[in-house]
């Protein structure tokens, strides 16, 4: 188990209070009606699943109920930071070469 910092509550809480909601920063098509079935299916169902540095969407289900982003390493489970929706996260200089 690991601790996750909720950027809205401002507290570090146990992982079981949260729920992962998939890859972060997925852009919804501007005009869904103009998408082909294949394009729409790719948007809905296909996500990257990288080993290493990755940004994920999480929700604080047992707390404030808000969605936020986490930058973490999927191989080591190390969390590099959490940030609110609409904010930017900058990887440290040591990680820039591997950052998505």
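Every number in this text was worked out from the coordinates using simple rules, so none of it is lab data. Here the structure is a predicted model, which is why all the values come from computation and not from measurement. Don't worry about glycine lacking a Cβ; one is built from the backbone with ideal geometry, like all the others, and counts go over all protein chains shown.
Residue 47 versus residue 34, label points 7 Å from Cα toward the beta carbon: distance in nm?
Output for this residue pair reads 2.7 nm.
Output the relative contact order of the range 1-90, whole-number percent, from Cα pairs under 8 angstrom with separation of 6+ residues.
28 percent
Quick check: pseudo-label points 7 Å beyond the Cα along Cα→Cβ at residue 74 and residue 12, how many nm apart are they?
2.5 nm
More than 19 Å apart: what percent of Cα pairs in the chain qualify?
48 percent
Divide by every residue of the chain the summed helix terms, -39500 (n - 2.57) for each DSSP H run of at least 4, and state the resulting mean residue ellipticity at 222 nm, rounded to the nearest 500 deg cm²/dmol.
That calculation yields -2500 deg cm²/dmol at 222 nm.
Sort the following peptides by mean Cβ neighbour count (other Cβ atoms within 10 Å, averaged over residues), highest first: 27-40, 52-65.
Listed from highest to lowest mean packing, they are 52-65, 27-40.
To the nearest 0.05, how large is the calculated FRET efficiency for residue 1 and residue 91 if R₀ is 25 Å and r is the Cβ-Cβ distance?
0.55
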